[in-house]
Amino acid sequence: MSETPHRYTAELAGRIEVAWQDRWEEQGVFRAPNPAGPWADPEGVAEHEGGHLLVLDMFPYPSGAGLHVGHPLGYIATDVYARFNRMLGKNVLHCLGYDAFGLPAEQYAVQTGQHPRKTTEENIAIMARQLRRLGLGHDDRRAVRTIDPDYYRWTQWIFLQIFNAWYDADAPREDGGTGRARPIAELVEEYRSGTRPLPAEDGRGWDDLSHVERAEILDSRRLVQSVEATVNWCPGLGTVLANEEVTNEGRSDRGNFPVFKRRLRQWVMRITEYADRLADDLDGVQWPEKVKTMQRNWIGRSQGAHVTFPVGTDAAHPGIEVFTTRPDTLFGATFMALAPEHPLVDSLVPEGGWPEGTDDAWTGGAATPAEAVAAYRAQAAARTDLERQAEGKAKTGVFTGGFALNPVSGAPVPVFVADYVLMGYGTGAIMAVPAQDERDWDFATAYRLPIIRTVQPPEDHDEDTAYTGDGPAVNSANDEVSLDGLDVADAKERIVAWLEDKGLGRGAVTYKLRDWLFARQRYWGEPFPVLFDEDGIAHGVPEDQLPVELPDVPDYTPKVYDPDDADSEPEPPLARDTDWVTVEADLGDGRGTRTFRRDTNVMPQWAGSCWYYLRYLDPANGQALVDPENEAYWMGPRPAPVAGAPAGTGDPGGVDLYVGGVEHAVLHLLYARFWHKVLFDLGHLSSSEPFRTYFAQGYIQAPAFTDARGQYVEASEVEEHVGDDGTPSFTHAGAPVNREFGKIGKSLKNMVSPDDMYAMYGADTFRLYEMGLGPLEQSKPWDTRAAVGSQRFLQRLWRNVVDEETGDLRVADVDVDAETAKVLHRTIAAVREDYAGLGFNTAIARLTELNNALTKLGGDVPRPAAEALVLMVAPLAPHVAEELWRRMGHETSLVHAAFPEADPALLVDDTVTCVVQVGGKVRDRLEVPADITEDALRELALASPRIQALLENGVRTVVVRAPRLVNVVPA
RNA sequence: GCGCAAGUGGCGGAACUGGCAGACGCGCCAGGUUUAGGUCCUGGUGCCUUCGGGUGUGCGGGUUCGAGUCCCGCCUUGCGCACCA
């Protein structure tokens, strides 16, 4: 233990930190005033002349294991940014709540045999303690929790808004686009008044229809629908999952269980109606390109055409519809391929044997087409997607024995079944154009099918490959239309026009995005605010009867199955509570109290996190999810679009800064945008995007160690040894181990908790260390011991203000000397810029330099310099800054103190060092006046003896960049 | 396979529009304070060197008076997508 009584140790840091956290809380310094709503404080809002700022973190999920040092990285960064902006005079809203419904909490509860509410609340308490100890400047009044009925009442309310809305693709929008959600009541009115024709034109009006018939019509238009669909059934979790929750390997995102395709009736949200806007509106937000690309890929929009190929053998056959992005290549379609599951396959297979002239390669060795197709389908069905991928790109298929007619050339084309065609995309059938498609080329060469080039490849193109680029069309004419000579874009346009004219096809857009499967057969989630009547018709629970509370069932354990039992059936825990399921209710529709059956599914985990940032704005509002004035103030569109937005793009509004990992790119970020847009369309919000600026942070990776068997050993027990050449080696219990870097956690046995850091160094040092590691967007390795560097910085800062021996103030009311003033003001200018751009690592470097410069003064530290340094350090290390600020005589917290401003006069130098190069190599340095002329500098440089010595053969030219550089080029 | 990032000392990382490579920190070395040091302070620290200097930002070319930075071709690592018609 140190004998120095007033040293800034971890122990002292801890006392200071807890004391200031208590003070901040008592004084409510982080409470941001709202313009309206239950906390309306317009005067408080008006005091902030610097405007307003909304800073957001990823909604944390309280796990049973507590935090590790990787978790707070983003929270610290947003806190530093928020604190900096408060010191610029802005009204800053920064808070944190808890996303606490969902699978992990439920699984943890099941494992420990406790009720999920109990374990979840305990986990929240642990996490809240760990985060509070970090000194985050959050508005404590706004810490919402998704599991509270006051919160999920609004989650259910939003569900009903979406349920009671339909998408009118023709309705104009305020932003100039077309298509928006409208209340279902307006659709009813259109049907009733006759302005919109009813789907079944049997002469009856809306009022003539039975309530079942009306419900069927409306339900088919709602943005939430119950549909019979192919879903992802996960027996290991006992629930169905959304596409976004299934990994590329066909397993569950949570728990890594196998997922099977099943036909089931389920709730889906019609996110596909928003596919275009979700893709297009990415232009207006400032997000990393990587994340935008991931969303665009997921939405997977492609433009092309649907084309129908008649089936020649049968006039009554509907024909085979394909989707293609290259209708311009239609003349080169020499065969077709259908997915093995395609419903039309059977209709193409002729009875009896192979048609005349069938190539042996097409038959798969079978005696008849029927046999060949059956065998191929059986083989395809037996293989999982994973196995298909593992077999690489080899193309296989068999001839169906049937032919279709190329609609532009009239030529018969053989139809194959091939598993490189996927049932889930487009129409499940393709026209194959080997000359312009690599996959079709591979298939055509393997099965000896004809290849017709319809785009002229450039001369240097390999004749043995497909050509997918642009070029003039060739071989593309019939009696009525010719594409020859047109480029790809023009050819597409002309052929689509011709196809549409002939009724053979039409321009079309397809998407990879599928509707969002929204029901889960679990317990720990928001109940659906839906009641089914005796006809099975779903009714929304009236708003004044919300929330539909999650009942406290005795057995909340979900029915899970053997993870590989594909044939099992989902069984929601809520269905077991028959008292809850059956309910007497009056829907206020004039039909009085009737008996209903509740929906026993619960919402997915994403529901609560889809809109939490809106509730932060007005968490106590009992009348609305957010007062419109509050939403407009915090999130409304700004006058200027974001940097880099294409011309003509306006600002969509939204959160000013959202920091989080990239792992939510296609889940949370897509779902939240969808809900936000629906609420925008329905007039509840002024912003059309939830997150104007998104910043993807890197991860913290910690060293993990494996022994000779490849097993992980406890990282905290590993000893490091430094060899003579400086390279480290590692041992565990005396045996050598290997170091690698990976995610922090139990599985790699490399857990480091923030609690460890608080005990060893204190929260301020921990914050400083995390921010100093490197750029926020990069992943970087953790090294607990290296945090001493940050601790030394704070100790030096402390010593610059407080005498370690006596505890007296070392700051003196003296002027700052000229040299120090220069350093000080340069630091201010640089740090301001760094903070504004989230460049915390470089800000720390600059502050360290200033701190070291003050240390080197030796004697008393001039007050103006010490105060400016403390204020600048405050966003990063707020507790020690507050303590020093107070010891320097200030009675109020520095949370709202003005950030130091640089004096521009002190940023310019009188003299600078000029580098003199010969042939690009530095040979001399000259101290010259900053305003020296080019000519004077050239003369000075050439006069230098060191330069003269190198110019024996004369000078060819001299490049002068006054005042910093001269480059002499010798002859 | 396609696409996007990124490769700088023993380590994490600095370097504005091409203009002093290695800021700041860890580690390491030396010295000081200390009975002691997993303390603190001071100085040093890319590599090679015959101490003049040479060389150096993944590799190979190029543009330029001048390249970590721009262009072309490769290599490696990470991430995303992966028969998307």
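Using 0.36 nm per residue of separation minus the Cα-Cα distance, give me the extension gain between residue A:936 and residue A:890 in nm, one decimal.
Numbers: separation 46, 0.36 × 46 = 16.56 nm, distance 5.18 nm.
So the extension gain works out to 11.4 nm.
Calculated from DSSP H runs of 4 or more alone, at -39500 (n - 2.57) each and per residue, what is the 222 nm mean residue ellipticity of chain A, nearest 500? The partial results should precede the final answer.
Values: 29 runs with 302 residues, N = 971.
Computed mean residue ellipticity for chain A: -9500 deg cm²/dmol.
Once fully extended, how much extra length lies between residue A:150 and residue A:356, figured as 0.36 nm per residue of separation less the alpha-carbon to alpha-carbon distance? Walk me through the numbers before you get to the answer.
On the way: separation 206, 0.36 × 206 = 74.16 nm, distance 7.33 nm.
Gain in length upon complete extension: 66.8 nm.
With Rg and the Kirkwood Rh both taken from Cα atoms, where does Rg over Rh land for chain A? Don't skip to the end; give the middle numbers.
Values: Rg = 34.6 Å, Rh = 33.5 Å.
We get a ratio of 1.03 for chain A.
Arrange A:440, A:470 by Cβ neighbour counts within 10 Å, fewest through most, would you? Kindly include the intermediate steps, with their values, before the conclusion.
On the way: A:440 27, A:470 11.
Going from sparsest to densest Cβ surroundings: A:470, A:440.
Using the crude model of +1 on Lys and Arg Cβ and -1 on Asp and Glu Cβ, and no other charge, please compute the dipole size for segment A:909-970 relative to its Cα centre, in debye to 20. The partial results should precede the final answer.
Values: 8 positive and 9 negative charges, 82 e Å.
My answer is approximately 400 debye.
Can you sort A:321, A:952 by how many other beta carbons sit within 10 Å, fewest first?
Details: A:321 16, A:952 8.
Fewest-to-most ranking of A:321, A:952: A:952, A:321.
Within the set of other residues whose C-beta is less than 10 Å from the C-beta of residue A:444, count the net charge using Lys and Arg as +1 and Asp and Glu as -1. If you can, show how the numbers build up before the last one.
Values: positive: A:395, A:439, A:448; negative: A:437, A:440, A:442.
Charge balance near residue A:444 sits at 0.
Suppose every K and R has +1 on its Cβ and every D and E has -1 on its Cβ; what is the size of the dipole of chain A about the Cα centre, in Debye to the nearest 20? If you can, show how the numbers build up before the last one.
Values: 93 positive and 149 negative charges, 324 e Å.
Roughly 1560 debye for chain A.
What shape does segment A:302-510 have by the C-alpha gyration tensor, where a ≥ b ≥ c are the square roots of the eigenvalues, rounded means a/c under 1.5, and otherwise prolate means a/b greater than b/c and oblate the rest?
On the way: a/c = 1.69, a/b = 1.41, b/c = 1.20.
Since a/c reaches 1.5 and a/b is larger than b/c, the shape of segment A:302-510 is classed as prolate.
Going by amide H atoms built from the backbone, whose H comes under 5 Å of the H on residue A:930, apart from near neighbours?
Under 5 Å from the amide H of residue A:930: A:911, A:912.
Which of the three applies to segment A:794-849, rounded, prolate or oblate, going by the alpha-carbon gyration tensor with a ≥ b ≥ c and a/c under 1.5 meaning rounded?
Numbers: a/c = 3.34, a/b = 1.58, b/c = 2.11.
It comes out oblate by the Cα gyration axes.
What shape does segment A:533-668 have by the C-alpha gyration tensor, where a ≥ b ≥ c are the square roots of the eigenvalues, rounded means a/c under 1.5, and otherwise prolate means a/b greater than b/c and oblate the rest?
Details: a/c = 2.72, a/b = 1.57, b/c = 1.73.
Here segment A:533-668 falls in the oblate category.
Positive end of the charge dipole of chain A (Lys, Arg +1 and Asp, Glu -1 on Cβ, about the Cα centre): tell me which of A:394, A:541, A:52 has its Cα farthest that way.
Checking the options against the dipole of chain A, the answer is A:52.
What FRET efficiency comes out for residue A:810 versus residue A:49 if R0 is 30 angstrom and r is the Cβ-Cβ distance? Round to the nearest 0.05.
Numbers: r = 35 Å, r/R0 = 1.17.
Plugging the Cβ-Cβ distance into 1/(1 + (r/R0)^6) gives 0.30.
Provide the FRET efficiency to the nearest 0.05 for the residue A:290-residue A:246 pair, computing r from the beta carbons and using R0 = 22 Å. List each step's numbers first, then the result.
Details: r = 21 Å, r/R0 = 0.98.
E between residue A:290 and residue A:246, to the nearest 0.05, is 0.55.
Would you order A:819, A:867 from fewest to most other beta-carbon atoms within 10 Å of each residue's own beta-carbon?
Working: A:819 10, A:867 21.
Going from least to most buried by this count: A:819, A:867.
To the nearest 10 degrees, how steep is helix A:488-502 against the longest Cα principal axis of chain A, on a 0 to 90 scale?
30
Can you tell me the order of A:218-229, A:70-81 when each peptide is scored by its average per-residue count of other Cβ atoms within 10 angstrom, highest first? Present the calculation step by step, with values, prior to reporting the outcome.
Numbers: A:218-229: 16.9, A:70-81: 23.3.
Highest to lowest by the protection proxy: A:70-81, A:218-229.
Take the alpha-carbon centre of segment A:489-532, take the same for segment A:73-104, and report the distance between them in whole Å.
Cα centroid to Cα centroid, the span is 37 Å.
I'd like the orientation of helix A:818-836 relative to chain A: the angle between its Cα long axis and the longest Cα principal axis, in ° from 0 to 90, rounded to 10.
Between the helix axis and the principal axis of chain A, the angle is about 10 degrees.
Mind checking which aspartates and glutamates have their C-alpha under 15 Å from residue A:746, skipping anything on the same chain fewer than 8 residues away?
A:714, A:717
Within segment A:898-929, name every residue whose backbone N is under 20 Å away from a label modeled 7 Å from Cα of residue A:819 along the Cβ vector.
Answer for this model: A:906-914, A:926-929.
Report the one residue of A:705, A:260, A:497 whose Cα lies farthest in the direction of the positive end of the charge dipole of chain A (charges on C-beta: Lys and Arg +1, Asp and Glu -1; origin at the Cα centre).
Result: A:705.
Could you calculate the contour length gain from residue A:456 to residue A:567, that is, 0.36 nm times the residue separation minus the distance between their Cα atoms, to one decimal place in nm? Kindly include the intermediate steps, with their values, before the conclusion.
Working: separation 111, 0.36 × 111 = 39.96 nm, distance 5.21 nm.
Full extension of this stretch gives 34.8 nm more.
Counting residues in segment A:909-970 as N, plug N into 2.2 N^0.38 Å and put the Cα Rg over that result.
Working: Rg = 10.7 Å, N = 62, 2.2 N^0.38 = 10.6 Å.
Rg over 2.2 N^0.38 Å, computed on Cα atoms: 1.01.
Relative to the longest principal Cα axis of chain A, at what angle does helix A:878-887 sit, 0 to 90 degrees, rounded to 10?
30
Tell me which of A:741, A:718, A:511 sits at the most positive position along the dipole axis of chain A, charges placed on C-beta atoms (Lys, Arg +1; Asp, Glu -1).
A:718
Antiparallel versus total DSSP beta bridges in chain A: what percent is that, nearest 5? Display every interim value, and only then the final one.
Values: 89 of 114 bridges.
Antiparallel bridges: around 80 percent, rounded to the nearest 5.
Using the basic label-point model (7 angstrom from Cα toward the beta carbon), what is the residue A:140 to residue A:438 distance in nanometres?
Taking the simple label geometry, residue A:140 and residue A:438 are separated by 6.0 nm.
What is the distance, in nm, between label points placed 7 Å from the Cα along the Cα-to-Cβ direction at residue A:63 and at residue A:961?
Roughly 4.9 nm, to one decimal.
For residue A:901 and residue A:803, what is the calculated FRET efficiency with R₀ set at 30 Å and r taken between the beta-carbons, to the nearest 0.05? Spell out each step's value before the answer.
Values: r = 30 Å, r/R0 = 0.99.
The formula returns an efficiency of 0.50 here.
Laboratory data are not the source of any read-out in this text; all were calculated from the coordinates shown. Given the structure is predicted, the values throughout are model-derived calculations rather than measurements. Reconstructed Cβ throughout: ideal geometry from the backbone, glycine too, with neighbour counts over all protein chains shown.
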